[in-house]
Amino acid sequence: MKKILTSSQIRLVDTHTINTEPISSLNLMERAASAVTDRICQLFNKEHRIIVFAGPGNNGGDAMAVARQLSMLGYRVSAYLFNIGNNLSADCMANKNRMRHCPAVDFHEIVSDFVPPMITADDVVVDGLFGTGLSRPLMGGFAAVVKYINSSEAKVVAIDVPSGLMTEDNTTNVMTHVVQADYTFTFQAGKLAFLFAENEPFAGRVEVLDIQLTDPDNRDTQTPYYMIEQDDIVRMLKTRPRFSHKGTFGHACLIAGQQGMAGAAILASRACMRSGAGKLTVHTPEANVIPLQIAIPEAILHIESQTHTFTKPFETTTYNAVAVGPGIGTGEQTVRALSQQMHYHQGPLVMDADAINILAMHPSLVEQIPPDSILTPHKKELRGLIGASASSYEELQLTRQFAEKHHVYIIIKGANSAIVTPDTDVIFNITGNPGMATAGSGDVLTGIILSFLAQDYSSLQAALMATYIHGLAGDIAAKNLSQESLIASDIIDHLPQAFNLL
């Protein structure tokens, strides 16, 4: 899994690379600038004027190097270096001095008053004011420069981090003082802030550029934050023995679907069977029998007669895994049934949708959640468990505390879904797309998780594999059908292609 490092850890990795490659910091800066220059050249032709804003630190040094490289490639470049305090970093100073050999650049060093250039819609602004080192909001003149950039109609490219954005926690930041980039070309690894929805208007389209940094991989770069990669999932997938039978791959049980909500049970059931479970029993009201038998004839039905929803807990020791929640409602009888079911069940549960809503409505039930259970809330459902928060960063910290206290796994559903572990690690998923923001998508995820648990994967493996494969199937579906046309059933239909890719 790829680490997500803090700004201070990134500096340690830079230093480690410089010492062990070995390479000078100035040459490493040149390598980083070359990667940014290459992407700008791929995106914008020489008809566009490039306007570079550089700060006094190493981010400004990167920007000055980009300005010089673009000019040498024939681009029209204007560069503005802000040296208000006459305190440039060594590498920024070196790149300022290199400008003397690049007379084609329209270069301006700002030491007092700044007369802003006229920026048109055809121009490209390169933001190199401040990088990863900020610890407080931008104020004063730099805030004014940021606002001026944001008021323009030009495309904006941020180097490493949009100026003004903290790399982790922006809870107390002044977001009107943050550059609104169209593209952010960040170095070596993504930053935590890029994974939060409220920061999308500032980061724009984020691309990670490999500049060959080497991580010392020691105590100084330990982190609770990771991104899961395809190779991680491939390593987890078990080989299916030739002499297998349906019992080899587990008997799953799904408690789902009050009257009128058979669709939730159908989607979760189909996803479970499509993900490799040997057998599936669906506990559902009598009203759902015909729809389920038609839609998923492979499933066994455990019928709750004379009721419209889940009201009667039952013995589950014969099942390898149990999921509860999709479409069961939150009535009083269902609350009591869920409480008793949690008490009866031995082993982790998959809890989704109304099961999570019941926990939020009756906080005393949270203490009954079996250890290592997997909860799959979307943002609104999560607030019911942990309370309101001022930012996604704060929300994530509260979720880590909840997961640790109750020894559960929590999948925060959405873009860059986060799997939070009882050890307070957070693993972000990189698959998925906005087309999956559609009714029933969560039910599909529940079914996939249930299937992996039934096949004797651990709770962590089931959560990681299901989230990744769910998103991968959604990506394939969107490619074939478009994001706009994607519905939850399409995710299930493309699970076979997702497994084949792995």
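The values are calculated or read from the model by the stated rules, or taken from the named source; none is laboratory data. Note that the structure is predicted; figures quoted are calculated from it, not measured. Positions of Cβ are generated from backbone atoms using ideal geometry, with glycine treated the same way; all protein chains shown enter the neighbour counts. These accessible areas exclude ligands, DNA and RNA; they are computed on the full protein's heavy atoms, side chains included. Shrake-Rupley method; radii C 1.70, N 1.55, O 1.52, S 1.80 Å.
Using 5 Å bins from zero, what percent of all Cα-Cα pairs in the stretch 237-319 falls into each bin?
That works out to 3, 15, 27, 21, 17, 9, 5, 3, 1, in percent per bin.
Find the relative contact order for the chain and round it to a whole percent, using C-alpha pairs within less than 8 Å whose residues are 6+ positions apart. Mind dumping the intermediate values first?
Working: 1085 pairs, mean separation 59.8, N = 502.
Taking the mean separation of contacting Cα pairs over the length of the chain, I get 12 percent.
Show which lysines lie in cross-link reach of Lys155 when reach means a straight Cα distance below 28 angstrom and same-chain residues fewer than eight apart are skipped.
The qualifying lysines are Lys46, Lys96, Lys147, Lys191, Lys479.
Roll a 1.4 Å probe over the protein chains and send me the accessible area per residue for the stretch 159-232 in Å².
On the way: 3090 Å² over 74 residues.
For the stretch 159-232, the per-residue accessible area is 42 Å².
Enter the per residue convex hull volume of the stretch 300-456, computed from alpha-carbon coordinates, in Å³ rounded to the nearest integer. Intermediate results must be reported in sequence, preceding the final value.
On the way: hull volume 19.2 nm³, N = 157.
Convex hull of Cα atoms, per residue: 122 Å³.
Under the Kirkwood approximation applied to all pairs of distinct alpha-carbon atoms, what is the hydrodynamic radius of the stretch 280-323 in Å? List each step's numbers first, then the result.
Numbers: mean 1/r = 0.0896 Å⁻¹.
Across the stretch 280-323, the inverse of the average 1/r is 11.2 Å.
Please state the shape class of the stretch 17-103: rounded when a/c is under 1.5, otherwise prolate if a/b exceeds b/c and oblate if not, all from the C-alpha gyration tensor.
Values: a/c = 2.10, a/b = 1.25, b/c = 1.69.
The shape class here is oblate.
Write down the radius of gyration of the stretch 166-250 and its Dmax, each obtained from C-alpha positions, in Å.
19.6, 63
Averaged per residue, what accessible area in Å² does the stretch 284-359 show with a 1.4 Å probe, protein chains only?
With the other protein chains kept in place, the stretch 284-359 gives 45 Å² per residue.
In straight Cα distance, which aspartates and glutamates are under 18 Å from Lys312, not counting same-chain residues fewer than 8 positions off?
Leaving aside aspartates and glutamates fewer than 8 places away in the same chain, those within reach of Lys312 are Glu286, Glu304, Glu332, Asp354.
Give me the angle, in degrees from 0 to 90, between the Cα long axis of helix 392-406 and the longest principal axis of the Cα atoms of the chain, rounded to the nearest 10.
Result, in degrees: 40.
Compute the long axis of helix 140-151 from its Cα atoms, compare it with the longest principal axis of the Cα atoms of the chain, and write down the angle in degrees, 0 to 90, nearest 10.
So the helix axis and the longest Cα principal axis differ by about 70 degrees.
Please turn the phi angles of the stretch 272-278 into ³J(HN,Hα) values with the Karplus equation 6.51 cos²θ - 1.76 cosθ + 1.60 (θ = phi - 60°), one per residue in order, whole Hz, x for glycine and proline.
Using θ = phi - 60°, the values come out as 4, 5, 6, 9, x, 5, x Hz.
Whole-Hz ³J(HN,Hα) for each residue in the stretch 188-201, computed from phi via Karplus 6.51 cos²θ - 1.76 cosθ + 1.60 with θ = phi - 60°, x for glycine and proline: what do you get?
Once rounded to whole Hz, the list reads 6, 8, x, 9, 4, 4, 5, 8, 9, 4, 5, 9, 4, x.
Calculate, for the stretch 429-502, the solvent-accessible area per residue in square angstrom, rolling a 1.4 angstrom probe over the heavy atoms of the protein chains. Could the numbers behind the result be given before it?
Values: 2540 Å² over 74 residues.
I get 34 Å² per residue for the stretch 429-502.
Which order do you get for Glu198, Glu332 if you rank them by accessible area with a 1.4 Å probe, largest at the top? Mind showing how you got there, number by number?
Working: Glu198 75, Glu332 145 Å².
Sorted by accessible area, descending: Glu332, Glu198.
Could you order peptides 463-475, 415-427, 294-306, 161-173 by the average number of other Cβ atoms within 10 Å of their residues, highest first? Let's see the in-between values first.
On the way: 463-475: 26.3, 415-427: 19.7, 294-306: 14.1, 161-173: 22.4.
Going from most to least packed, we get 463-475, 161-173, 415-427, 294-306.
About the Cα centre of the chain, what is the dipole size in debye to 20, counting +1 per Lys and Arg Cβ and -1 per Asp and Glu Cβ, all else neutral? Numbers along the way, then the final one.
Values: 35 positive and 49 negative charges, 90 e Å.
It works out to roughly 440 debye.
List the residues, sorted by chain then number, that are 5 or more residues from Phe428 or on another chain and whose placed amide H is less than 5 Å from its amide H.
Placed amide hydrogens put Tyr226, Met227, Ile228, Ile419 under 5 Å from Phe428.
Starting from the amide H of Ala323, placed 1.01 Å from N in the peptide plane, find each other amide H under 5 Å away whose residue is 5 or more places distant or on another chain.
Placed amide hydrogens put Cys253, Leu254, Ile255, Val350 under 5 Å from Ala323.
With all pairs of different alpha carbon atoms counted, what Kirkwood hydrodynamic radius in Å does the stretch 54-150 show?
Details: mean 1/r = 0.0726 Å⁻¹.
Hydrodynamic radius (Kirkwood, Cα pairs) of the stretch 54-150 is 13.8 Å.
Using the C-alpha gyration tensor of the chain, what are the square roots of 5 times its eigenvalues, in whole angstrom, with the largest one first? Could you put the intermediate results ahead of the total?
Numbers: eigenvalues 521, 92, 85 Å².
In descending order the semi-axes read 51, 21, 21 Å.
Compute the helix-to-body angle for 441-454: its Cα long axis versus the longest principal axis of the chain, expressed 0 to 90° and rounded to tens.
Approximately 70 degrees, to the nearest 10.
Express the carbon and sulfur contribution to the solvent-accessible surface of the chain as a percent, rounded to the nearest whole number, probe 1.4 angstrom.
Working: 10760 of 21470 Å².
Summing carbon and sulfur atoms, their accessible area is 50 percent of the total for the chain.
Quick one: net charge of Leu88's neighbours, Cβ under 11 Å, K/R +1, D/E -1? Don't jump to the answer; show the numbers that get you there.
Numbers: positive: Lys96; negative: Asp91, Glu109.
Net charge in that neighbourhood comes out at -1.
Show me, for the stretch 340-349, the HN-Hα J-couplings you get by feeding each phi into the Karplus relation (A = 6.51, B = -1.76, C = 1.60, θ = phi - 60°), rounded to Hz, glycine and proline as x.
My calculation for the stretch 340-349 gives 5, 5, 4, 5, 6, 6, 9, x, x, 10 Hz in order.
Can you say what percent of the DSSP beta bridges in the chain, counting only those with both residues inside, are antiparallel? Round to 5. Before the final figure, lay out the partial values.
Numbers: 8 of 59 bridges.
Antiparallel bridges make up about 15 percent of those DSSP assigns within the chain.
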